[in-house]
1. Could you check how many residues of the stretch 143-191 are in a helix (DSSP H, G or I) and either among the hydroxyl-bearing types (Ser, Thr, Tyr) or open to solvent by less than 70 Å² (accessible area, probe 1.4 Å) (or both)?
2. Looking at the stretch 1-41, which of its residues are in a helix (DSSP H, G or I), surrounded by 15 or more Cβ atoms within 10 Å (Cβ to Cβ) and not hydrophobic (A, V, I, L, M, F, W, C)?
3. Could you please give the count of residues in the stretch 100-124 that are charged (D, E, K, R) and modelled with pLDDT of 95 or more?
4. Going by the conditions given, is residue 67 crowded, with 18+ Cβ neighbours inside 10 Å and at pLDDT below 85?
5. What about residue 130, is it open to solvent by less than 40 Å² (accessible area, probe 1.4 Å) and at pLDDT below 80?
6. Could you count how many residues in the stretch 156-176 are of a type in the set (S, T, N, Q) and without any contact (Cβ under 8 Å) to a residue 12 or more places away in the chain?
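The values are calculated or read from the model by the stated rules, or taken from the named source; none is laboratory data. All of these numbers come straight from a predicted model, not from anything done at the bench. So basically every Cβ, Gly included, is an ideal-geometry build from the backbone, and we count neighbours across all protein chains shown. Ligands, DNA and RNA are excluded from the accessible area calculation, which covers all protein heavy atoms including side chains. Shrake-Rupley method; radii C 1.70, N 1.55, O 1.52, S 1.80 Å.
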Amino acid sequence: MKLLLEIVVGYMYKVQKNQLDTSKYAKEFAAIRHGNYFQFFNEIEKEVDLIVTYENGQIKTNNKVKKNDVAFIALTKVGECLRDFYQRIFQTYGELKDPDMSDEDFQKAAYFELSIRMHSNDKRLPNEEIKFVDIIERLELTQSEKDTLHQGRKFINYIKRPWKMKNKWSDELERFNIAFELIKTKKLTII
């Protein structure tokens, strides 16, 4: 089952890798480039879905994404606004073909980053302004496993800043896929 966020962010990654003009959605793309999903949700500028939560003995309803929301709740809240945003960016950029990666590869990259960031958020690691590299370092894994995840992180950085790529995309994609399998093995995925 694909999450809508995988599809939307995967598409945004494809736009970034192909170095298209993102000025029309500068704040949204900047938030994704820096892995700031809280800011991204708030930049979309559409009211999020209403959700009911139970917290500290109280039932609450709201339609705002808050910094202290457990990440899965935040994802649930943004469904409709993500659909709307995806339609808008797709109208702007259209069907894109990438010579190096499939849509599935871009979506896996989005899922990889979001999973690790959500895992740190749900474990209540300090997440404000924390860099992806630091999140990986704080995970309870061996150094070898962290090194593998860093290969996946570097691949995502190449997607976001393709001019920094010095190797073949196929070689980096292979390293990324090893990192992706590790997050599944270690149960660091969203679902």
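1. Qualifying residue count for the region: 28.
2. Those that are in a helix (DSSP H, G or I), surrounded by 15 or more Cβ atoms within 10 Å (Cβ to Cβ) and not hydrophobic (A, V, I, L, M, F, W, C): 6, 10, 11, 13, 14, 16, 17, 25, 28, 33, 37, 39.
3. The number of residues fulfilling the criteria is 5.
4. The answer is no for residue 67.
5. The answer is yes for residue 130.
6. Going through the stretch 156-176, the residues of a type in the set (S, T, N, Q) turn out to be 157, 167, 170.
Next cut, without any contact (Cβ under 8 Å) to a residue 12 or more places away in the chain only: 157, 167.
Counting residues in the stretch 156-176 that are of a type in the set (S, T, N, Q) and without any contact (Cβ under 8 Å) to a residue 12 or more places away in the chain gives 2.
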